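Enquirer: The structure that follows is given in the form of structure tokens.
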Amino acid sequence: MNNSSILDVAISAAQGAADIILSASKKSKIADYKGRIDLVTKTDKDSEEFICNKIKEIFPDHGILAEESGSSLPDAKYQWIIDPLDGTTNFVHDYPSFGVSICIMKNEEPIVACVVELPVRNIYTAIIGQGAFCNNEAISVSSVDDLEKSLYVTGFGYEHGERWERNMILFKRFTDIGQGVRRLGAAAVDLCHIASGKVDGFWEFDLHPWDTAAGILIVSEAGGKVTKLDGSDYSIYNNEILATNGEIHQKMINEIQK
């Protein structure tokens, strides 16, 4: 088994899930609620079931951590981290920023990633040590090195607590000093926009492993940098993330620490 073969399966699974999502986007969307506004639709579940069935068929000894169904084979050397529909709220409202995110980890390290950005169907991929790609073309982060010339992106969790309040302060600060802050509502897509140079810096609180696992590998392979907000090492199990083109990374940390 090699990483290229694993990526082929991930792409096939993500594209199949994208077909399910885009087909459902033309129909009425029935939503349940995980929280007050934390939506889950039948489409989330159908997408996840398709991806999981494909993995189990080809790699029955691999573990899976998926947003809706949880964990299986947690001690397996290979773990598939799946967000079957990143940006569910956007999907329900037909707002064009959602996608499918799949990451494969080996011994706790991301090695293969695929994110399909919808509805445009951009396919972002990465294999550790082999660079990052969008639709089979190599991508790289931006070269902007000035906070005032940078465009940022962030997101806000569903719980309006202390970290939400802190993020409002950061949102205001980076709006003041930069070219603006975008809030699209799909973290995996946001990270791919860092990797492809569309935006220069991204931060967020209260994300889950399936929100970031694929995106952080794509960013890193595109030449970017990913840490916690204080610059320390990032894990997909942390509740805060800072991802940038690398050039403005320490400058953003300096502003955040103020």
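Enquirer: With both bridge residues required to lie in the chain, what share of the DSSP beta bridges run antiparallel, to the nearest 5%?
Expert: 80 percent
Enquirer: Express in nm, to one decimal, how much length is gained between ILE177 and ILE128 on full extension, taking 0.36 nm for each residue of separation and deducting their alpha carbon distance.
Expert: On the way: separation 49, 0.36 × 49 = 17.64 nm, distance 3.41 nm.
The ILE177-ILE128 span can extend by a further 14.2 nm.
Enquirer: How large is the accessible surface of HIS208 in square angstrom, using a 1.4 angstrom probe and rounding to the nearest 10?
Expert: 90 Å²
Enquirer: On to the next question. For the chain, what does -39500 (n - 2.57) per DSSP helix run (n ≥ 4), summed and divided by total residues, give at 222 nm, in deg cm²/dmol to the nearest 500? Don't skip to the answer; put the middle values down first.
Expert: Numbers: 7 runs with 91 residues, N = 258.
So the calculated ellipticity at 222 nm is -11000 deg cm²/dmol.
Enquirer: Something else: Please arrange ASP211, ASP46 by accessible surface area, largest first, computed with a 1.4 Å probe and ligands excluded.
Expert: On the way: ASP211 15, ASP46 50 Å².
So, going from the largest accessible area down, we get ASP46, ASP211.
Enquirer: Another question, then. Which value, in Å² and to the nearest 10, is the accessible area of GLU109 when all protein chains are kept and the probe is 1.4 Å?
Expert: 90 Å²
Enquirer: Would you please give the FRET efficiency between ASN238 and ASN107, computed as 1/(1 + (r/R0)^6) with r the Cβ-Cβ distance and R0 = 25 Å, to the nearest 0.05?
Expert: Working: r = 19 Å, r/R0 = 0.74.
Once the sixth-power term is evaluated, E becomes 0.85.
Enquirer: Taking 0.36 nm per intervening residue step and subtracting the Cα-Cα distance, what contour gain separates LYS198 from ASN3 on full extension?
Expert: Working: separation 195, 0.36 × 195 = 70.20 nm, distance 2.73 nm.
Taking LYS198 through ASN3 to full extension adds about 67.5 nm, to one decimal.
Enquirer: Quick query: amide H of PHE59 versus all other amide H atoms, modeled in the peptide plane; which residues come in under 5 Å with a sequence gap of 5 or more or a different chain?
Expert: none
Enquirer: Right, next: By the scheme Lys and Arg +1, Asp and Glu -1, what is the net charge of all other residues having a beta-carbon under 12 Å from that of ILE127? Could the numbers behind the result be given before it?
Expert: Working: positive: LYS106; negative: ASP8, GLU221.
Once positives and negatives cancel, what remains is -1.
Enquirer: Which entries of LYS149/LYS228; LYS198/LYS228; LYS149/LYS258; LYS45/LYS106; LYS42/LYS172; LYS45/LYS77 show an alpha-carbon separation above 31 angstrom in the structure shown? Before the final figure, lay out the partial values.
Expert: On the way: LYS149/LYS228 23 Å; LYS198/LYS228 21 Å; LYS149/LYS258 20 Å; LYS45/LYS106 25 Å; LYS42/LYS172 36 Å; LYS45/LYS77 25 Å.
Over 31 Å apart, Cα to Cα: LYS42/LYS172.
Enquirer: Using the Karplus equation 6.51 cos²θ - 1.76 cosθ + 1.60 (θ = phi - 60°), what ³J(HN,Hα) coupling, rounded to whole Hz, does each residue of region 70-77 give in order, writing x for Gly and Pro?
Expert: Going residue by residue, I get x, 10, 9, 6, x, 9, 5, 5 Hz, with x marking Gly and Pro.
Enquirer: Just to be sure I understand the rule: take each whole DSSP H helix in the chain, project its Cα atoms onto its long axis, keep it if the span is 24 Å or more and its mean Kyte-Doolittle hydropathy is at least 0.0. Which ones pass? Walk me through the numbers on the way to the answer.
Expert: Details: long enough: 3-24 (31 Å, 1.05); 42-58 (25 Å, -1.14).
Answer set is 3-24.
Enquirer: Which of LEU170, SER142, HIS160 sits farthest toward the positive end of the charge dipole of region 137-183, with +1 on the Cβ of Lys and Arg and -1 on the Cβ of Asp and Glu?
Expert: It is HIS160, whose Cα lies furthest towards the positive end.
Enquirer: Of all DSSP beta bridges located in region 121-235, what percent are antiparallel, nearest 5? Don't skip to the answer; put the middle values down first.
Expert: Working: 6 of 11 bridges.
If I count the DSSP bridges inside region 121-235, around 55 percent turn out antiparallel.
Enquirer: Another one. Nearest 20 debye, what's the magnitude of the dipole of the chain about its Cα centre given +1 on Lys and Arg Cβ and -1 on Asp and Glu Cβ? Before the final figure, lay out each step's value.
Expert: Numbers: 24 positive and 38 negative charges, 93 e Å.
Charge dipole, the chain, about its Cα centre: 440 debye, nearest 20.
Enquirer: Can you work out the FRET efficiency for the pair SER23 and ARG166, with r the C-beta to C-beta distance and R0 = 30 Å, to the nearest 0.05? Spell out each step's value before the answer.
Expert: Numbers: r = 39 Å, r/R0 = 1.32.
Computed FRET efficiency for SER23 and ARG166 comes out at 0.15.
Enquirer: I would also like to ask the following. Considering the Cα positions of region 1-151, please state its Rg to one decimal place and its Dmax as a whole number of Å.
Expert: 16.3, 50
Enquirer: If I compute semi-axes √(5λ) of the Cα gyration tensor in Å from the structure I just sent, which labelled value in (i) 28, 21, 17; (ii) 37, 18, 16; (iii) 35, 22, 16 lines up?
Expert: Read-out from the structure maps to (i).
Enquirer: Continuing with this model, one more query. Taking the Cα centre of region 180-258 as origin and charging only Cβ (+1 Lys, Arg; -1 Asp, Glu), how large is the dipole, in debye to the nearest 20?
Expert: Computed about the Cα centre, the dipole is about 200 debye.
The values are calculated or read from the model by the stated rules, or taken from the named source; none is laboratory data. As the structure is a computational prediction, the values presented were derived from the model and not from experiment. Glycine gets a Cβ as well: all are built from the backbone with ideal geometry, and neighbour counts include every protein chain shown. Each accessible area value is taken on the protein alone, full model and side chains, heavy atoms only, with ligands, DNA and RNA left out. Shrake-Rupley method; radii C 1.70, N 1.55, O 1.52, S 1.80 Å.
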